[in-house]
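The values are calculated or read from the model by the stated rules, or taken from the named source; none is laboratory data. All values reported here derive from a predicted model rather than from experimental measurement. When we count neighbours, we look across all protein chains shown, and the Cβ atoms used for this are built from the backbone with ideal geometry, even at glycine. In case anyone asks, the SASA skips ligands and DNA or RNA and just uses the protein heavy atoms, side chains included. Shrake-Rupley method; radii C 1.70, N 1.55, O 1.52, S 1.80 Å.
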Amino acid sequence: MSSVWSEQFPMLNEKMNGKRLAYLDSAATALKPLRVVKRMEDYLLHHTSNVHRGIYKLSEDNTAAYEVVRGQVAKFINAQDVESVIFTKGTTDGLNCVARSWGSTHLSANDEILISELEHHANIVPWQMIALEKKAQIKVIPLNEELQIDLEAFKNLLNPKVKLLALTMISNTLGVITPYKEMIKLAKAHGITVVLDAAQAAPHIPLDVQDLGCDFLVFSAHKVFGPNGVGILWGKKDLLDSLPPYQGGGNMISTVSLTNGTTWNKLPEKFEAGTPVIAEVLGFGEALKFVDEVGFKEIMRLDEDLNHQAQIALQKIPGLKIFGVKSPKVATFGFEVSGLHPQDLGSVLDKEGVAIRTGHHCTQPLMKRCEVSAMARASFGPYNTKEDIQQLVQAIEKACRLFL
Ligand code: ALA
């Protein structure tokens, strides 16, 4: 473990249940570097004030710092317009915002919304809710035998009734990377609006909304080494300008009258009702600086190594099946061990200091597709090492000895 990682992530030096901690649940939430926590602590202990509301120094300084982070996000995703970056509560909030704001404006009866069988619930349920309201239809892009998007089936689903494609870039459960570039091109050629769920992509690969050509993109800070409770929604400026606000409250208004109604603020405020999570946004800024300093070249190199080594090690375990092994994928493994319930497996791993997620991973339709009710998932971050892989393998072997 090089010092940059162990210095910045104290949890890497800690124990769980008396054993060395092998944290293998970064797809659920990434570990946070010390500098993120220090930035939040500094704001909370020494510089607290609201933003966008005060003319005193503390408030003006915090407003400026808050807006600097918006600029950092714009750079992180290569957005042309800083004001097209909206701070949200996270991926789920961003998707609900698009479903409500865009959906209520653009969807009509019999329109179709395309989602894939890989999506997690946050990229399914908001669309089901708005579809129900608008009498629109959800159509599902199936997966092929290798648990990757079936591109031919996707092409066959494209027709003039399709108004929206809501697609994950990387599966949270299997780590499979979808052919999002090709799918966006095809969707755009049919005039379809595209929402990308970049929750798992943001910590793994560089994002460039101009190159991607999507209309909306969302992700959460907490998967990119930042705090919980904050994320972003990016949208094309013209599109966001044309949409109604998602929530009403302070900051998102221009004028409020009890007799003449209310007018909306400009972007980005129109979509940021109420006092934001200021400490979290400032911490998010530190997380983005951290990613920038490490660089995606290094992050991707580390992921590729872990992906390769973990795959080999896991596949040597008798009865272990990884769901979706084919490249392109990242070092997230949804797996089962024949005859061993994922819950029992997770409990033994917990005692051995190995933190993984077990269950349906907020992807019940994908569980159905894989013909299981639950699976185990080990998901790696750039701070993980060969030792973590060894500890995982030894703990699985121990569970097999105990239960099989
Ligand atoms: N989406 C998160 C996960 O995959 C919570 O665990």
(request) Decide, for segment 156-251, between rounded, prolate and oblate: order the square roots of the alpha carbon gyration tensor eigenvalues as a ≥ b ≥ c, take rounded if a/c falls under 1.5, and otherwise choose prolate if a/b is larger than b/c, else oblate. (result) oblate
(message) How many angstrom lie between the Cα centre of segment 138-189 and the Cα centre of segment 1-75?
(response) 34 Å
(request) Find how much the distance from R401 to A189 grows on full extension, using 0.36 nm per residue of separation minus their present alpha carbon separation; answer in nm with one decimal. (result) 70.9 nm
(message) For a Förster distance of 30 Å, can you work out the FRET efficiency between the beta-carbons of Q247 and T48, rounded to the nearest 0.05?
(response) 0.80
(request) Among the chymotrypsin sites (Phe, Trp or Tyr not before Pro) in segment 13-87, which ones are in a DSSP loop with at most 13 other Cβ atoms within 10 Å of the Cβ? Mind listing them? (result) Y56
(request) From the C-alpha gyration tensor of the chain, pull out the three semi-axes of the equivalent ellipsoid (sqrt of 5λ each), sorted largest to smallest, in whole Å. (result) 36, 29, 17
(request) Whole number in Å², please: accessible area per residue of the chain, 1.4 Å probe, ligands, DNA and RNA not counted. (result) 43 Å²
(request) For segment 1-94, run through the trypsin sites (Lys or Arg not before Pro) and keep only the ones in DSSP coil with at most 14 other Cβ atoms within 10 Å of their Cβ. (result) R53
(message) Per DSSP helix of 4 or more residues, -39500 (n - 2.57); summed, then divided by the residues of the chain. What does that give at 222 nm, rounded to the nearest 500?
(response) -12500 deg cm²/dmol
(request) For T262, list long-range residues whose amide hydrogen, built 1.01 Å from N in the peptide plane, is under 5 Å from its own amide hydrogen. (result) S257
(request) Please work out how many pairs of lysine residues in segment 79-204 are eight or more positions apart (or on different chains) and have Cα atoms closer than 26 angstrom. (result) 26
(message) Given a 1.4 angstrom probe, I'd like the percentage of the accessible area of the chain that is carbon and sulfur, rounded to a whole number.
(response) 53 percent
(request) Collect residues whose amide H, placed 1.01 Å from N in the peptide plane, falls under 5 Å from the amide H of I141; neighbours closer than 5 in sequence don't count. (result) I115, S116, E117
